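Notes follow the structure.
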Amino acid sequence: MGRLNVAADQNDQCAWSCLRKEAAAYATKEPALSSFLHATILEQENLGAALVNHLSGKLATTDFTPLKLRRVLTEALDADPTIIDSAARDLMATLDRDPACRTCLQAFLYFKGYMAVQTHRFAHALYNQGRDLIAFHLQNRSSENFGVDINPAARIGHGIMLDHATGFVMGETAVIGNDCSILQGVTLGGTGKADEDRHPKIGNRVLIGAGASVLGNIKIGDDSKIAANSVVLKPVSAKCTVAGVPAKPVGGACLESPAQTMDHSIGDAK
């Protein structure tokens, strides 16, 4: 456990150091944003405090003020400190994989996918505490603000990049593993009206292209790739590329970790 805590601290410090360095540089370069950058990053104690402060401002309403929301998000963070390690990994993954992302600061402040995933992490922690109504409130606010709808009960690993994000839907019993990359318009949904375990289980290092739908309680294997606009109704083997409606294997085996390379090519269909 000690080694895991050290690793988590290192991820946190790496991301926080990146954010502070960039915020300080831009506070000088862009005076109009100086006050905002100081309040959002430079005057915060750590990544957790900055994340709570930033999301509370984004998600607050007239009745659920930023002050009240900061208190609730801090309680969620106290209940599940792993939120911050995951947030740090998500941030660095976005910087590494998205060629349009120039700085950690850009992703932290402005990327809807990043903010939506972090909102879900807080909502999930609250849901696990039995605070379901507040969790659903956060889900609703994330949907309204970011165009992303993730059920608070759904489980998401670390190192996630949700690129562009708009239209992403994730059902109650869906699971996403570690180090996955997912584009806009993706649905991880169920079929029919069954109320049991009914949503997909996405493995580690999976790449899911824009507009793809993965439906039902099916397993998507590690290092697999789902092409854009595909409809996946059957399990997908590890390191397999699938495409089409309904999706079928194409183009041979994937290279290791397609989510890292972000290579959406599928080769020739068999």
Looking only at residues that are within 14 Å of the chain's Cα centre (by Cα) and part of a loop (DSSP other than H, G, I, E, B) in region 148-161, which one is surrounded by the fewest Cβ atoms within 10 Å (Cβ to Cβ)?
G157
Check R121 against each of (1) charged (D, E, K, R); (2) farther than 28 Å from G57 by Cα; (3) in contact with a Ser or Thr (Cβ under 7 Å, 6 or more places away or on another chain) and name the one condition it does not meet.
(2)
Breaking point among (1) closer than 27 Å to P99 by Cα; (2) modelled with pLDDT under 95, for I208
(2)
The residue that is nearest to T61 (Cα to Cα), considering only those in region 135-147 that are out of contact with any strand residue (DSSP E or B) (no Cβ under 8 Å at 6 or more places or on another chain) and surrounded by 20 or more Cβ atoms within 10 Å (Cβ to Cβ), is L138
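Check every one of the helices (runs of 4 or more DSSP H) wholly within region 1-64 and list those with 1 or more residues that are modelled with pLDDT under 95 and farther than 15 Å from R89 by Cβ. Quick ask: steps written out before the conclusion?
Details: elements: 2-29, 34-37, 47-59.
Once the helices (runs of 4 or more DSSP H) in region 1-64 are filtered for at least 1 residues that are modelled with pLDDT under 95 and farther than 15 Å from R89 by Cβ, what remains is 2-29.
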Region 202-234: number of residues that are of a type in the set (D, E, K, R), surrounded by fewer than 22 Cβ atoms within 10 Å (Cβ to Cβ) and outside any loop (DSSP other than H, G, I, E, B):
1
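The values are calculated or read from the model by the stated rules, or taken from the named source; none is laboratory data. Bear in mind that the values here come from a model prediction, so they are computed numbers and not experimental data. Every residue, glycine among them, receives a Cβ derived from its backbone with ideal geometry; neighbour counts consider all protein chains shown.
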